[in-house]
1. List the number of the failed condition for B:Leu430; all other conditions in (1) touching a Leu at 6+ places or on another chain (Cβ under 7 Å); (2) under 24 Å from B:Val331 (Cβ atoms) hold.
2. One residue is enough: does the range B:442-450 have a residue meeting the conditions among the hydroxyl-bearing types (Ser, Thr, Tyr), more than 20 Å from the chain's Cα centre (by Cα) and outside the structural domain of B:Asn67 (by TED's automatic domain parsing)?
3. Hey, among the residues in the range A:67-101 that are surrounded by fewer than 24 Cβ atoms within 10 Å (Cβ to Cβ) and of a type in the set (S, T, N, Q), which one's farthest from the other protein chains (Cβ to nearest Cβ)?
4. Would you say A:Tyr169 is part of a helix (DSSP H, G or I), within 12 Å of chain B (Cβ to nearest Cβ) and touching a residue at least 60 places away in the same chain (Cβ under 8 Å)?
5. Is it the case that some residue within the range A:46-62 is within 29 Å of B:Val397 (Cβ to Cβ) and at pLDDT below 90?
6. Out of all the residues in the range B:446-477, which are assigned to a helix (DSSP H, G or I), surrounded by 19 or more Cβ atoms within 10 Å (Cβ to Cβ) and within 14 Å of chain A (Cβ to nearest Cβ)?
7. For the subset of the range A:45-66 comprising residues that are within 22 Å of the chain's Cα centre (by Cα) and over 16 Å from A:Pro4 (Cβ atoms), which member is farthest from the other protein chains (Cβ to nearest Cβ)?
Amino acid sequence: MQFPIISVIVFTPIITGLLIFLLPGERKTEIRVTALAAAAFALALSIWMYFSYDTAAGGYQFVEKYNWLPQLGISYYVGVDGMNTPLVLLTGVVMFTGVLISWGIDDRPREFFGFLFILATGVFGVFVALDMFMLFFFYEIAVFPMYLLIAIWGWKVTREYAAMKLTLYLFIGSVISLVGGLAMFFASGMGTFDMIALEGAGFSLAFQKFWFPFVFLGFAVLGGIWPFHNWSPDGHVAAPTAVSMFHAGVLMKLGAFAALRVGIMLLPEGAKFWMPWIILLTIVNVVYGAFIAMVQTDFKYVIGFSSVSHMGLVAMGFATLNREGMIGAGVQMFSHGVMTALFFAVVGMIYDRAHTREIPELGGFAKKMPIVAIAFVVGGLVSMGMPGFSGFVAEFPIFMGVWKYRPWIAVVSGISIVITASYIIRIITNVFFGKMPEHFEKGDDHHEPIDDVIALDKVALVLLAGILIAVGIFPSLMVPMVETGVENILRLLGGA
Amino acid sequence: MGSITSTMILAILPEILLLVLAGLVLLLDAIWSDAEDRRRGLGWLTAGGSLLVLLLSLMFASPGGSNELIWGGMLRHDWIGFVFKMVFIFGAAITALFAMDVEGLGKRGEFYLLLLISTIGMNLMATSADLIMLYLAIETTSIPMYILAGFFKQDDKSTEAGFKYLLFGAMTSAIMLYGFSLLYGFTGVTGLYDLALAIQTGALNSGVLILSLLLVLVGFSFKISAVPFHFWVPDVYEGAPTPVAGFLSTASKAAGFAVLVRVLMGTFPALSGQWSLLIAVIATITMTLGNAIALAQKNIKRLLAYSSIAHAGYILVGVVTFSELGVTSVVFYLIAYLLTNLAAFGVVVAAWRTLGSDEMEAYDGLSRRSPALALAMLVALLSLAGMPPFGGFIAKVLVFAAAVDAGYVWLAFVGVLNSIVGLYYYLIVLKRVYLYRSEQEDVPVPVTRPYRLALVVLSVGIVLLGAFFAPWFTWTSGAAGGLF
């Protein structure tokens, strides 16, 4: 029997989380070291898995299958293909850097890391699930700890409201999809939740048309699709740094991925029928999200709305249902995940020192924390889709795909690139350059003078920025892999 | 009536053993009448004894593959009854542990005695196959419960709870009895399965039939706290000693469901078209009303009371379907719900000993005062909300799956949307526990051994049900199969 690498990746976080709960709460250093070790282990395994995925062979690899509830055809069934291998890697990266950046959490770190790791297991579980029941099971495990993480360790002003709003939105979405999933289970008459088997269920057109919107939109809520995106900026802003990273970086991909895996892949005819409407929604996402980001004065809200805009591109790429769009969306999930994790890390580092996120009140931070500034510029260039960075590798194919579908949509959505450039440049100018206010420079009664970030933070930022550049310069690291995943989806769509 | 066989004795082994245990409790209570501290040991005796009964019953009293009427048709020896019995006995054991360190409860022998007698009644409820036996069983369950609810004689709220429960119980019981008498009067038989035959052959005209069904349902609705016979629930739960409220909300409710399922599916299968829709409507109203009112509660026991009404609604969804999967989901749900709700009440009892209050404000900052208790609360409430990897999630999925399977997609949607409302108010409690600060943060909340033991067992059980559900599902689907 081969080494069950996927299971080890999935269960490392939750087992560590439970071990952490057994440690005494005062032993904070031990707790942090344990968390970091586990995160490093999971990251190492996901890197190893990424590079040992056989792109030439394609298909699902590292498959494991065990009966869970045979009477209802529920199994623990996992495997990765070209679409989700990058996402597993992404989760590993964000988990590792998230732990590094949360080193300074002093209020009940035991509970913090415990809940964070339960969440991580949920995320890994969804990405690798090949059984629909298992997907729902892990999906909800991933959604819930968010509530406590935001409500307890979040930004005091909005945390209770934002945490509740987020949880309810996501939970409503997931249970609506769940009913759809159950309907598929019974309608197939196959008595199994095995998604690969269900791909061949041949649901009737009427059934697909009826259920597709429920299933797709239920999950897409977590992907931040307009008009159900409202929870997301509030949630991002209220969350503590590592949770924002997880949230925008990984969790939103969970929604997009599940919408693809269950919605588009199991109900392809429904997808074809509804896609024009979905594309319209995503145009609003992309353009409106960018505009709202532009007018925000709170640094973190800018990034929050930029996530809405960029996740719109992911959904738009899927919605084109053609090769270019899907490949772009696949890469964009990874690229945006890393980029936005980097952004939120930077925001967190600045807020921890300046105690404000209002852009007009900040300035000159590049002098005090050069690495942070450089990392942010890298992220910014990715965000604008500059060639040589991963954002270009992702967004260019999306626009190509959209152009193939309807050129005017590509033109309208292209506006977002210009707007993105404007708000990114505004942040770079006003936060990192310019003159630093006196009380930050020297310190006053309320403030310590601003100092540079700690070494662990730098490691995290360099890792994130390095990945963005690596994928940008060597697209062959990722694109061929995603392409094998897309082939499979196109096959289900009947070669559209 | 034929001679008594060993099967007949073994079938009622759990009840016989419980009766022996009750006698032992009574005896020791008399012997230790002067030694108050020793009488606390009666709790260990009741809990340990019940678990022993559970074990022995599992070894010797399980019905195997047969479903036979025994004791002259009074009882039916089948899996569904057996599974329910095991659930009740387990609930009684946990309740005994919860009661041990409650002032005015834990050192009173009669408490444990009444608890055991009531459990015997529930066991008989789950297996009775005859109207007369059924009525006797219901009363055997209820009368000790009336006393237990009003156990704190000095406390106005407790006596009010006992009295209210008695009045409501007596009233609905009388209505139900009227239904029974109609059924007997028109058919001349009292056996539940004989009645089914008589109904099929058309011995009753449909008007009388529907009327008697409705009258009978009144009594059952009271037991399971379905709308509109739920009014007693919040007041009784609030006033009754908390361990008793926990027992009422779980085992007693499960017993009601055992009877409901057997009567609807055993006696009235011919009318399933009519009662399905009726139950669907009751389920919708019950869960919606329960959840809506729970939103406004400030007292944790009242919150749990309304939540328990809502849960009765979810469980009824499984009843509506009239299918094997439906009954499986009902039994699974009841097991998960028993563990979960007992855990929730257990936390409330344990916390009350230090907090001295059931108001939700008192729970502020609990996670800093007792992380373990807070975690138990988290597990219990999330399982109630239907989150994986806890038992409540699987239970809800099964119930809604049964509804979708039977073509009640709208009911499944009503159910899932209701579970969102539920999630909201459970989160409000968790927010207090984990987020809010309190002035008494430095005062720890000690948890004595019986609570630690019971809560660990329950929490582990909740996770086992939720993550390794195959054996439980096999068990419950076997139970459901025994009914059809």
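1. (2)
2. Within the range B:442-450 (the criterion being among the hydroxyl-bearing types (Ser, Thr, Tyr), more than 20 Å from the chain's Cα centre (by Cα) and outside the structural domain of B:Asn67 (by TED's automatic domain parsing)), the answer is yes, since at least one residue qualifies.
3. Of everything passing the filter in the range A:67-101, A:Ser75 is farthest from the other protein chains (Cβ to nearest Cβ).
4. yes
5. At the first step, the residues of the range A:46-62 found to be within 29 Å of B:Val397 (Cβ to Cβ) are A:60, A:62.
Next, from what is left, pick out any that are at pLDDT below 90: A:60, A:62.
Looking through the range A:46-62, at least one residue is within 29 Å of B:Val397 (Cβ to Cβ) and at pLDDT below 90.
6. Across the range B:446-477, the qualifying residues are B:Ser459, B:Leu465, B:Gly466, B:Trp472, B:Phe473, B:Thr476, B:Ser477.
7. Looking at the filtered set, the residue picked out is A:Phe51.
For (1) in a loop (DSSP other than H, G, I, E, B); (2) more than 26 Å from B:Phe468 (Cα to Cα), each residue gets a yes or a no:
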{"site": "A:Thr29", "(1), (2)": "no, yes"}
{"site": "A:Phe41", "(1), (2)": "no, yes"}
{"site": "A:Thr55", "(1), (2)": "yes, yes"}
{"site": "A:Phe62", "(1), (2)": "no, no"}
{"site": "A:Lys65", "(1), (2)": "no, no"}
{"site": "A:Gly82", "(1), (2)": "yes, yes"}
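The values are calculated or read from the model by the stated rules, or taken from the named source; none is laboratory data. This structure is a prediction, so every number in the text was calculated from the model and none was measured. All Cβ positions, glycine included, derive from the backbone under ideal geometry; neighbour counts span all protein chains shown.
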